[in-house]
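The values are calculated or read from the model by the stated rules, or taken from the named source; none is laboratory data. Quantities reported herein were computed from a predicted structural model and do not represent experimental measurements. Cβ placement follows ideal geometry from the backbone for every residue including glycine, while neighbour counts extend to all protein chains displayed.
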Amino acid sequence: MNTSVANTTRLLMAGLRALLVLSVVTGVLYPLLVTGIAQAAFHDKANGSEIKDHTGKTVGSSLIGQTYNLPLKDGEETPTPNLKWFQPRPSNGLGTNSVNTQYALILSGATNRSADNEELIQWVKDAKATVVKDNSTADYTVKPSDVPPDAVTSSGSGLDPDISPQYAELQVHRVAARNHLSVEQVQKLVDAHTDGRLLGFMGEPTVNVLELNIALRELLSK
């Protein structure tokens, strides 16, 4: 009986030692090692790919799109875009958070509608008409054929931070007029913030809307 108790005690102590060692290795040392490597080799990505404005303040992430809207007026349910800024792709994902109102959660999701869905077709038609109207100025008229697909459709996540150079250039005249800048000044901003294909052949050229609007704000501050 004493031998049985002693064996059980030894097994328990061995198990506790193993638990303690594994807890320290996998719960403390390994996370510290991985975090240290990430901070040293991939500092920007490890911290959420943050974007800072010209004052050094963190204003967002290069991986998550933002909206640029005017404050809601009394009786309004849908905010109006602030047309002095470059606008991102439409966000027709899961909509706004109506469950947990304590926090401003970022919701992500696709529309899950097929290409021949009548509601989706109407969304695209309405969005195209709005893009044409909003971006036409006194000396520049946007034609429906000028509107690129990303101006009227949301991405799969609804959080795409980038737009195509075509959509950015379509907005140049409107942004210039709203901010009392020359078209050449605004076009230079778009050109400077257009990223080419990955490795020169993968994907399509893109423009990060947040980075572009930060550059626009900096130009306006001067």
Checklist outcome for this item: Of the listed residues (Leu189, Leu219, Leu212), the one being in contact (Cβ under 8 Å) with a residue 60 or more places away in the chain, over 23 Å from Val124 (Cβ atoms) and either touching a helix residue (DSSP H, G or I) at 6+ places or on another chain (Cβ under 7 Å) or in a helix (DSSP H, G or I) (or both) is Leu212
Checklist entry - Can you find even one residue in the range 125-138 that is surrounded by fewer than 16 Cβ atoms within 10 Å (Cβ to Cβ), part of a loop (DSSP other than H, G, I, E, B) and either modelled with pLDDT under 85 or basic (Lys, Arg) (or both)? => result no
Next on the checklist: It is to be established whether one or more residues within the range 8-18 are more than 30 Å from Arg217 (Cα to Cα), modelled with pLDDT under 90 and among the β-branched types (Val, Ile, Thr).
Outcome noted: yes
Item to check | Qualifying residues in the range 1-26 (those that are surrounded by 10 or more Cβ atoms within 10 Å (Cβ to Cβ) and not hydrophobic (A, V, I, L, M, F, W, C)) - the one nearest to Asn47 (Cα to Cα) | outcome: Thr26
Item to check | Per-region count, the range 205-222, residues in contact with a Pro (Cβ under 7 Å, 6 or more places away or on another chain) and either buried (at least 16 other Cβ atoms within 10 Å of the Cβ) or modelled with pLDDT of 95 or more (or both) | outcome: 4
Next on the checklist: What are the pairs with Cβ atoms under 7 angstrom where one residue, in the range 111-124, is in contact (Cβ under 8 Å) with a residue 24 or more places away in the chain and the other, located anywhere, is surrounded by 10 or more Cβ atoms within 10 Å (Cβ to Cβ) and hydroxyl-bearing (Ser, Thr, Tyr)? Sequence gap at least six, or different chains.
Outcome noted: Thr111/Ser154; Val124/Thr153
Checklist outcome for this item: When (1) more than 22 Å from Glu211 (Cα to Cα); (2) not assigned by TED's automatic domain parsing to the domain that holds Ala127 are applied to Asp74, the one that fails is (2)
Checklist outcome for this item: Subset of the range 192-204, residues within 17 Å of Asp162 (Cα to Cα) and either surrounded by 15 or more Cβ atoms within 10 Å (Cβ to Cβ) or without any contact (Cβ under 8 Å) to a residue 40 or more places away in the chain (or both), comes to Ala192, His193, Thr194, Asp195, Gly196, Arg197, Leu198, Met202, Gly203
Item to check | Lone qualifier among Ala46, Ala40 - being among the small types (Gly, Ala, Ser) and exposed (fewer than 13 other Cβ atoms within 10 Å of the Cβ) | outcome: Ala40
Next on the checklist: Condition (residue is more than 25 Å from Leu220 (Cβ to Cβ) and hydrophobic (A, V, I, L, M, F, W, C)) applied to the range 182-190: is it met by at least one residue?
Outcome noted: no
